[in-house]
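The structure under discussion appears below in the form of structure tokens.
Nothing in this text is a laboratory measurement; each read-out follows from the coordinates by a stated rule. Quantities reported herein were computed from a predicted structural model and do not represent experimental measurements. Because the Cβ atoms are built from the backbone with ideal geometry, glycine has one as well, and the counts that use them run over all protein chains shown.
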């Protein structure tokens, strides 16, 4: 289903997020940057005296929290304003200024961790015993000392902090290319109307039952990336080199080890995921053979892998109807959860519809002292209902955590955040399957559930393999090129999709359109989160939501694997991923029997 894009100024305010609640006047944004500069200077003046006493250490930690909170709010506001319309130079400039302020402050306080390390654990814990108010920081201090071999000297940390704005440039370059500069051209939809092909409506064309339309949209999309392939390839090459060099500077064995270390995640968790998924590729291949048979085509092409196999009459799901469906689906989480969620939707949490220049996709964002905002590009499809329930899971996680935890633990690791969003998706799917009486619609939903496994657990693991290869190649002294990346990506795509798929000249360029690759070793967390969520949703339906709601309030007060144990799953074992794979196998077998 396609929607004619309105200019942002023409969209009803009830579908626009309430960023004014952060800064009613942008003069206040300017004031926060000045406060942050003063706070950074105050902390810089404490150099050499952090561990003089419990009082001085408390002052430093609280000052650091104040500084981070100010900068987080300023950056979040500017970033979300930019995301409303990436063409607006004012908010591009404000985002750049916020990033510069973060880099400058980071440089001024970069001495803190090395100084605390030099003081030593015995002295820091003595300060904590001396000042009871420091107890709140105990986990943060323990986490700091866990990484002591990777902390550099004060001057070295200062240099790295000053370079942070430059080292993040490749991400910003790709964002501008992907959201502001790239043009996919126009396409005729199923009604014969000429519309502009965008990130937002591309997936709708991929789900069309008009095969020629799917092929045209697919080829237009990837042809546009092909014209920028060398530029994007260079950007990603240097992004990967930055990861590798940063890991070496900090004395990690690899960029992957460095990325997982922040959450204290063993590399074995990553390897177990890839191993389990690879062992179950024959089940995916079986499903793709079924897909090929049901579509009735001589060849299965990449533009055939998203179209629903069960064709149903086109039915729009307006945004308000989606909200009502979700309320019913999430009822097992309790009345208070549903009430809080509904109030948030009506209180400016969500930016609903696409407009020209708006950042593609969807996310949940915000800062510690803002609403837990959500960006959507809603197009009235059932898939959009799942996107809304997914992002709402993130925002509810933030709402519970910020209400319960102090600022120092008020965020989430991606490892746990993806669980909160995917539990919601699982509960929605279970509700729809249990309440559906139409046999065709039930087959449609099972197929959709299989596709969730394919696009999350399998696809994100394939992305993870690509990231592992690209970083290992750079670590081995190789230079990533557009050609080498396209060849490797095509090889992985062939492995995952198996013999049912006929190759084409375009899918090899897909690596060039994946924003998550600019945040290294991020995507595996979608796959592990999906596995954990599948188990947790079963626990909620069997035993109730109490343990899960307790997990939602934990933020980062402990390491992710420990926090997930509160909700009832142990990601340090193969169990959750293997269990998810068994569910996938059951769904594929059930679908085969029905069709």
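Key figures
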item: Angle in degrees between helix 482-497 and the longest Cα principal axis of the chain, rounded to the nearest 10; result: 60
item: Neighbour-count order for 291, 250, fewest beta carbons within 10 angstrom listed first; result: 250, 291
item: The stretch 535-595-the stretch 208-246 distance, computed between alpha-carbon centres (Å); result: 33
item: Candidate values [x] 40, 27, 26; [y] 44, 33, 23; [z] 47, 27, 24, label of the one derived for semi-axes √(5λ) of the Cα gyration tensor in Å; result: [x]
item: Computed [θ] at 222 nm, helices only, for the chain once each DSSP H run of length n ≥ 4 contributes -39500 (n - 2.57); result: -20000 deg cm²/dmol
item: Ranked by how many other beta carbons lie within 10 Å on average, peptides 45-54, 578-587 from highest; result: 578-587, 45-54
item: Additional length obtainable on full extension of the chain from residue 93 to residue 335, 0.36 nm per residue less Cα span; result: 82.8 nm
item: Likely footprinting exposure, 59, 543, fewest C-beta neighbours within 10 Å first; result: 543, 59
item: Protection proxy ranking, peptides 115-126, 486-497, 63-74, average beta carbon neighbours within 10 Å, highest first; result: 63-74, 486-497, 115-126
item: Efficiency of FRET from Cβ geometry, residue 293 and residue 491, R₀ 25 Å, rounded to 0.05; result: 0.45
item: Residue 30-residue 180 pseudo-label distance in nm [points 7 Å out on the Cα-to-Cβ vector]; result: 2.2
item: Cα-based helix-to-principal-axis angle, 459-475 vs the chain, degrees rounded to 10; result: 50
item: C-alpha long axis of helix 26-44 to longest principal axis of the chain, angle in °; result: 50
item: Ordering of 98-105, 130-137 by burial proxy (mean other Cβ atoms within 10 Å per residue, highest first); result: 98-105, 130-137
item: Computed label-point distance, nm, for sites residue 248 and residue 149 using a 7 Å Cα→Cβ extension; result: 1.9
item: Taking the stretch 8-167 and dividing mean pair separation by its residue count, relative contact order in percent (alpha carbons under 8 Å, at least six apart); result: 28
item: Point-to-point label distance, residue 12-residue 130, nm (Cα→Cβ direction, 7 Å offset); result: 6.1
